[in-house]
Amino acid sequence: MPAGPSRVEPRILREGMRVLWVAVTAEPLVFTVSVLASALYAAMTVASAWVLGWATENVVLPAFQEGRTTAGALATGALAIVAVAVLKALGVAGRRFYAGLMQYRMQARYRRAVTRQYLRLPLAWHHRHPTGQLLSNANADVEAAWAPIAPLPMAVGVVFMLLVAAVAIVLVDVTLALIGFCVFPAIALLNVVYQRRLSPLAARAQQLRAEVSEVAHESFEGGLVVKTLGREQAETERFTERARALQEANVAVGRIRGLFDPMLEALPTLGVLAVLLVGSVRLEAGALNAGDLVNVAYLFTLLAWPIRALGWVLAEVPRSVVGWNRVRAVLDAEGALPFGELPLPGDGPAGLEVRRVRFAYADGAADGEDEGRAHVLRDVSFAVRPGRTIAVVGPTGSGKSTLTTLLVRLVDPADGTVLLDGVDVRQARRGAVAATAALVPQQTFLFDDTVRGNVTLGADVPDEQVWEALRLAQADGFVAALPHGLDTRVGERGATLSGGQRQRLALARALVRRPRLLVLDDATSSVDPQVEARILEGLRAAQSAGSGSTVVVIAYRKATIALADEVVYLEHGRVADRGTHAELLERSAGYRDLVNAYERAEAERDAVEGEEVTA
Amino acid sequence: MTASALDESAALESALRTLRRGLRLSPEFATGLPVTLLLALVATAGRVVVPIAVQQTIDRGLRAPGGPDLAFVRAAVLVSAAVVALTAVSGYLMNVRLYRTTESGLATLRIKAFRHVHDLSMLTQSGERRGSLVSRVTGDVDQISQFMQWGGLMIIVSVGQLVVASVLMAIYSWPLALLVWASFLPLALALRTFQRLLSRAYTAVRERVGDMLAAISESVVGAPVIRAYAVEERTARRIDESVEAYRRAQTRAQGLVALTFPSSELVAALATAAVVVAGTLLGAGGHLTAGELVAFMFLVTLFVGPMQVATEVLTEAQNAIAGWRRVLGVLDTAPDVADPGERGHRLPRGPIEVRFENVSFAYPGGPTVLHGVTVDIAPRSRVAVVGETGSGKTTFAKLLTRLMDPAQGRILVDGVPLDRIRFSSLRERIVMVPQDGFLFDASVGDNIRYGRPGATDEDILLALADLGLADWVAGLPQGLDTPVGQRGESLSAGERQLVALARAYLADPDLLVLDEATSAVDPATEMRLQRALDGVTRGRTSISIAHRLSTAEAADEILVFDRGRLVQRGPHSELVAVPGVYADLHASWTAQRTV
Ligand SMILES: Nc1ncnc2c1ncn2[C@@H]1O[C@H](COP(=O)(O)OP(=O)(O)OP(=O)(O)O)[C@@H](O)[C@H]1O
Ligand SMILES: Nc1ncnc2c1ncn2[C@@H]1O[C@H](COP(=O)(O)OP(=O)(O)OP(=O)(O)O)[C@@H](O)[C@H]1O
Ligand SMILES: [Mg+2]
Ligand SMILES: [Mg+2]
């Protein structure tokens, strides 16, 4: 499980403002428009009250007094009311739309940034971060980070109202102003308490949100295992536990928020009442006249509105900061593989050399106490001349797949070097290794795309070439039989294909690129012996025609091994022996055991049966 | 983007029906509703009364005809302060109650939907994208909270306020009241259209979220392939498209929202203007006093307020309904492979006998992949299933374990039709190790324990010893406590299969179905494992699918599939002797070994 709730910043508010500033500087134009619209809306709200009062004084009351009215006066009154409303409507529409536009643009921008990191960060980072959590980072956390944008323009738009009203109050009566302005420190205090109390709770809620997503994603991905073992109820309980924890966390957040909102609403009104109370005393003392007190009271009611708008923003700040920190954690993650400058030119098969390579999955393994176990590969060296084939053989868990990931530079060794055509792969420029070498991984992965898309991966390859690769991978037959041929969608992870069909598409994907180095990690494990034999024949033919590649093949079957010019036998991450198949058979007991296992089993079985017969 | 089969049912019904059904799904929403409603009324009334009280204090106290009435001012201030406090307190209590009930209701909804996803048949599940399914139990449910925590009550309160204001308006002047209602009529009609558009827009938003999560999930799970083939840019483009589609959908919905609000502003202004004009005319005619008109205008503001709140709530409701729709889409989909439940048979323990009677199967929308398979599998027999890739072996295994139901024919287990056996019994007695063994992000021990929850570490070690895997576990860095990583990716492929096999073995089934369960294990280990399995599964029925024919050679009986038909059956010694599919397969197999 990754680290718990993200660290709570001591200065949440400042942090929150910085987050908002990021948004404002990213979308200055949209922000300005939405603030102007808000200001228009605010001004027109004040104006509409004023216009109504004006109409009452100048149109309605005179008419009542005189018992008649003119059409002109009536029309003026009605028009004024409607005109103000039109402006106000424009304001509200603009505010809503542009605030939304800004919010969604920021969300999209950060979703792109976060997913770009997912594509950039090394596989080791992915190993540490559950998929469900990454989904939550890109969705819920980005959303939380930008939630205060919606009320922001309003809060900024009414700031000038706040200033105008405040200045006006001070001009009328300083004492009353001082009493009334006590509201501000009170709000500040309330806010500090709120931010402090809420932040850890919001962090927890956001973390639980990610965990709920994590459990769901994992559980749905393992749906078949859940079903075949009848563990639906247990999975539901596992999910329930997280969902209920999230519920508790949300209620805890709600309890604080539920207190903050009404208090924030009450404070300005209490300010007005305080002003009236003190004002009445000063009135009695003759330090103030009634008209001024009325004015001040009115100005204070005007203040209430901007304060509430600010409150909306403040209320969202803690969650926003939490979301932002979680997003930043992804954006600031380090460790992408750096690329060099060198090209990997040439079009024939590539030469490969592995020099004293050491590799460990755990970061601290090198200085760990159990040195021997932590290293998955130790001191591995071998070389393959261009156009040759090498077989890597070794028992389960001996490090073969790990070795293949080093060859195509999915990871870098802790020590030692991998050289393609004499160039250290770390010095090769971006994309050069992928253009030279193709890996067919042990675990087949297909995209939710068409057959063609899965083979070409978007490269511009003519159909004949796709078919040729499919033919070589013995996949042309079943692809031709699919309802839409190359354009058939295969479903997520290739769900609509059989295991062997999926594997052959993965093989075709590598072959269609005509790689200069082909790395096959047990790439025919799911196909039947006949098809496998045909695939091997095809590869051999291509090889001898000279159009082939340098091949590194991981296999157990002797026919595959026999393709190889040399065999590297791995045991516990070390090269236990190297040589031709015949040599290894002769001198390496482990190797013999491994590749002759079937014959031995058969012989034993025959012996047992023989005994049974004679007995 | 592919449309989901889950969304068909709920997409057609009216928003109101969805809302009703959605509310019914979470009975928690209604707990303690009367008290919450009362608090809401007090809080809302307070919010209306406080400004009036302040106004009155100023008007009657400070602007009193005979000079300021300070005693009144002070008394009024105190009363107002009390009202403010009461408003705040009831607001707080209401909020807390609302948070509690809605969060509890939403959690229940999440859990129900989650459970239902697992109850869906394997085919329905694999037709959905994981990321999209995840959104149905996370973000889609979250959409409902906003509405439930604020809107649901506000609409009740607003309606109450509307009714009160309407009655009062009618009492003051019914012609003016009619006028106000008439001016709101077009808005009510327009709102219906708006709502329909909004509903569609929000539904699109939720679907785009699902698409986006699916795209991101794919890019994360497929990270090794994406890197190995340097297709980061293409993947990024695909993600960006989904992010952009989501943003466009959001913006479109927001555009509609931005149109809804001003329309209610405008109508309110028109109503006010109309009242001013008509009121003045009436007043000039002596039918209305000035005081009455001023009071009436105040009532209009009381009427307009809730009208605007209602518009906002309806918008929020559409958002919630879009969320509900996605959740209901899951819940409405009946599992097409249903558990007979309590009424179903419970099989006693003991060796299992299986009978396929003329079974045919086709995947939805595809050709028939199994044709009239009839076969008897005797209890205690060890059966191997072989055939070319794509010949229907996995399909056969999935039918046998009732992950799917046959299109034709029937399958009997111990003489009982498979679909009459309750799942709890079926899953206990028949266990399959699927072709790609999935592990959970936990320790090796926990993954094995998944087969039998109560098992202790000793049980697990014993089971591993039975399978000849004790040494292997002892060699792991932390033994049983070694974490396997996401999807088991911190183990090698072969090691993953060992864990999956141990997991199934620990479940102790009477029929074990192995679908290429050792395809990635090295031959020496595989043979050891096979020997161990032979020993421990003696007396049980086992069915193994394998391309390595060593398994077939050792089996009591071999079933040979070819293009969806069962073409041969019998023991190895018989089948190799006659020309046919098996003899060919076996020839390739031996050829590969004898180089
Ligand atoms: N991501 C990882 N984190 C930690 N350990 C790992 C990781 N991947 C593999 N290992 C460990 O490294 C060792 C070598 O794994 P690798 O996948 O290279 O074996 P392999 O030779 O390919 O085995 P197989 O024949 O089963 O495919 C194993 O012991 C495995 O548990
Ligand atoms: N979910 C699915 N939807 C549609 N077609 C499918 C689906 N699963 C499998 N098929 C098709 O059904 C046929 C039989 O598939 P099945 O998985 O049973 O083959 P198999 O014999 O197990 O092959 P393999 O040895 O490659 O695993 C194949 O042609 C495959 O494309
Ligand atoms: Mg491997
Ligand atoms: Mg299969």
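The values are calculated or read from the model by the stated rules, or taken from the named source; none is laboratory data. What you see is a predicted model, and the numbers here were worked out from it, not measured in a lab. Counting neighbours? That spans all protein chains shown, and the Cβs are built from the backbone with ideal geometry, glycine included. The area values use the complete protein model at the heavy-atom level, side chains included, leaving out ligands, DNA and RNA. Shrake-Rupley method; radii C 1.70, N 1.55, O 1.52, S 1.80 Å.
Descriptive notes on the structure:
- Rolling a 1.4 Å probe over the protein heavy atoms gives region B:56-118 an accessible area of 41 Å² per residue.
- Counting all C-alpha pairs of region B:1-149, share separated by more than 26 Å (%): 51 percent
- Protein-protein interface of region A:45-93, residues with accessible area decrease of at least 50 Å², isolated chain reference, 1.4 Å probe: A:LEU52, A:VAL60, A:PHE64, A:LEU74, A:ILE81
- Top positive-direction residue, dipole computed over region A:181-253 with Cβ charges, set A:LEU246, A:GLN207, A:CYS182: A:CYS182
- Given charges at Cβ of Lys, Arg, Asp, Glu: the protein assembly as shown dipole, positive-most of A:TRP312, A:THR488, A:ILE256: A:TRP312
- Residues whose placed amide H lies under 5 Å from that of A:VAL392, excluding near-sequence neighbours: A:VAL553, A:ILE554, A:ALA555, A:VAL568
- Threshold 50 Å², region B:253-269 residues less accessible with all protein chains present than alone (1.4 Å probe): B:GLN254, B:ALA258, B:GLU265, B:LEU266
- Region A:375-447 versus region B:18-68: alpha-carbon centroid distance in Å: 71 Å
- Here's how it looks for A:TYR361: its modeled amide H is under 5 Å from those of A:VAL376, which are all 5 or more places away or on a different chain.
- Region B:26-331: C-alpha gyration tensor shape, a/c 1.5 cut-off, then a/b vs b/c: prolate
- Dipole check for the protein assembly as shown: with +1 at the C-beta of Lys and Arg, -1 at the C-beta of Asp and Glu, and the Cα centre as origin, the magnitude is about 3180 Debye.
- Under a model in which nothing but the beta-carbon of Lys, Arg (+1) and Asp, Glu (-1) is charged, region B:26-331 shows a dipole of about 480 debye around its Cα centre.
- Solvent-accessible area lost in complex, 50 Å² minimum, residues of region A:489-509 relative to chain alone, 1.4 Å: A:GLU492, A:ARG493
- Shape call, region A:394-447: gyration tensor on alpha carbons, a/c limit 1.5: oblate
- Cα-centred dipole magnitude for chain B, charges only on beta-carbon of K, R (+1) and D, E (-1), debye, nearest 20: 1520 debye
- Rh by Kirkwood over Cα pairs, then Stokes-Einstein D for the protein assembly as shown at 1.002 mPa s and 20 °C, µm²/s: 62 µm²/s
- Mean-position separation - Cα centroids, region B:520-540 and region A:448-496, in angstrom: 36 Å
- Across A:ASP565, A:ASP460, A:ASP173, the residue with the most accessible area heads the list, and the full order at a 1.4 Å probe is A:ASP460, A:ASP565, A:ASP173.
- Take chain A and mark each of the GluC sites (Glu not before Pro) that is in a DSSP loop with at most 10 other Cβ atoms within 10 Å; the longest unmarked stretch, sites excluded, is A:1-333.
- DSSP-defined beta bridges in chain B - what % are antiparallel, rounded to 5: 50 percent
- Antiparallel %, DSSP beta bridges [both residues in the protein assembly as shown], to 5: 50 percent
- Of the accessible area of chain B, computed with a 1.4 Å probe over protein heavy atoms only, carbon and sulfur atoms account for 60 percent.
- Rounded if a/c under 1.5, otherwise prolate or oblate - region A:315-471, Cα gyration tensor axes: oblate
- Residue-level accessible surface for B:TYR99, protein heavy atoms, 1.4 Å, Å²: 40 Å²
- Residue-by-residue Karplus 3J(HN,Hα) for region B:273-288, coefficients 6.51, -1.76, 1.60, Hz, glycine and proline x: 4, 4, 5, 4, 5, 5, x, 5, 4, 4, x, 4, x, x, 8, 8
- Take the accessible area of B alone and of A alone, subtract that of the pair with a 1.4 Å probe, and the total buried over both chains is about 14500 Å².
- Accessible surface of A:HIS126, taken over heavy atoms with a 1.4 Å probe and every protein chain present, rounds to 20 Å².
- For A:SER381, the residues 5 or more places off, or on other chains, whose built amide H falls under 5 Å of its own are A:ARG356, A:VAL357, A:VAL575.
- If you take the Cα centroid of region A:271-309 and the Cα centroid of region A:76-90, the two points sit 30 Å apart.
- Nearby lysines by direct alpha-carbon distance to B:LYS398 (threshold 24 angstrom, same-chain neighbours under 8 apart not counted): A:LYS227
- Averaged over its residues, region A:352-614 has an accessible area of 40 Å² per residue, based on protein heavy atoms and a 1.4 Å probe.
- Compared with the rule-of-thumb size 2.2 N^0.38 Å for a compact globular protein, region A:352-614 has a Cα radius of gyration ratio of 1.08.
- Residue by residue, region B:434-449 carries 3J(HN,Hα) couplings of x, 4, 10, x, 9, 10, 8, 6, 8, 7, 4, x, 5, 5, 5, 5 Hz when phi is fed to the Karplus relation 6.51 cos²θ - 1.76 cosθ + 1.60 (θ = phi - 60°); x denotes Gly or Pro.
- Listed peptides B:397-408, B:172-183 by packing density, highest first (mean Cβ within 10 Å): B:397-408, B:172-183
- Within chain A, DSSP assigns beta bridges of which about 50% are antiparallel (rounded to the nearest 5).
- Only one residue of B:VAL157, B:THR368, B:ALA253 has its Cα farthest out toward the positive end of the dipole of chain B, where Lys and Arg carry +1 and Asp and Glu -1 on Cβ, and that residue is B:VAL157.
- Taking A:PHE359, A:PHE64 and ordering them by how much accessible surface each has at a 1.4 Å probe, largest first, produces A:PHE64, A:PHE359.
- Using θ = phi - 60° and Karplus 6.51 cos²θ - 1.76 cosθ + 1.60, couplings along region B:390-406 (whole Hz; Gly, Pro as x): x, 7, x, 5, 5, 4, 4, 5, 5, 5, 5, 8, 6, 7, 9, 9, x
- Taking 29 Å as the straight-line reach from the Cα of A:LYS558, the lysines in range (excluding those fewer than 8 positions away in the same chain) are A:LYS400, B:LYS393.
- Taking only protein heavy atoms and a 1.4 Å probe, the accessible area of region A:352-614 is 48% carbon and sulfur.
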